[in-house]
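What follows is a set of notes on a single structure, which appears directly below.
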Amino acid sequence: MLRRACDAVIVLSLVAVTVYVASLVIKVNTGYSRTVDTPDRIVRLQIVNGSGNNRLVGQIMSHTEDWSDLEMAVEVVETEEFDRSEIVHTFVISRLEDLSDSRLLAERIGLDPDEVIFKSLEHNSKQIAATLVLGTDAEECLLKSKSEQID
């Protein structure tokens, strides 16, 4: 009788261990192996402020998430002030010969994608894909693109 009780305890223990291992395998396969959607392209952006408004870069950076989605992510890698007098028109400079990413960015900001220009960076150690040069019209461009996204 004691032997049957011991056999039953061993069998129940093996069943419990088997169920536990099976549930662990299921959790690992479904919980940790999920597919994460990543953007098709990442635009590494340099922002150059030529507007004369020192607060503008911070305002622009708060909008970069609005420009990102599964098609394109915008990542600001550098900001600086322009050393010349005020720039009137905001524009985008593509740092890559393929202008498609910079044109898409310009469109999302509310700029004319056909006005994107190409100029490579000599020492592009930060792998900058585009430079956004902010002019005095930058706030107007942002408000325009933001209101179009809401509509």
Notebook entry, point to check: When only residues in segment 63-122 that are surrounded by 18 or more Cβ atoms within 10 Å (Cβ to Cβ) and touching a Gly at 6+ places or on another chain (Cβ under 6 Å) count, which is modelled with the highest pLDDT?
Noted result: THR90
Item checked: Tally, over segment 108-142, of residues that are in contact (Cβ under 8 Å) with a residue 24 or more places away in the chain and part of a helix (DSSP H, G or I) -> 7
Next item on the list: State which residue pairs qualify: first residue more than 14 Å from LEU134 (Cα to Cα) and inside segment 71-90, second residue in a loop (DSSP other than H, G, I, E, B) and not acidic (Asp, Glu) in any location, beta carbons under 6 Å apart, and separation of 6 or more residues or different chains.
Entry: MET72/PRO39; ALA73/PRO39; VAL74/SER68; VAL77/LYS126
Notebook entry, point to check: Which one of these does ARG103 not meet: (1) over 21 Å from GLN127 (Cβ atoms); (2) of a type outside the set (S, T, N, Q); (3) in contact with an Asp or Glu (Cβ under 8 Å, 6 or more places away or on another chain)?
Noted result: (1)
Notebook entry, point to check: Is one or more of the residues making up segment 22-41 surrounded by 15 or more Cβ atoms within 10 Å (Cβ to Cβ) and modelled with pLDDT under 90?
Noted result: no
Next item on the list: Identify all residues within segment 129-146 that are more than 16 Å from GLU86 (Cα to Cα), in contact with a helix residue (DSSP H, G or I) (Cβ under 8 Å, 6 or more places away or on another chain) and at pLDDT 80 or above; write none if there are none.
Entry: ALA129, ALA130
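The values are calculated or read from the model by the stated rules, or taken from the named source; none is laboratory data. As the structure is a prediction and not an experimental result, all values here were calculated from the model. Every residue, glycine among them, receives a Cβ derived from its backbone with ideal geometry; neighbour counts consider all protein chains shown.
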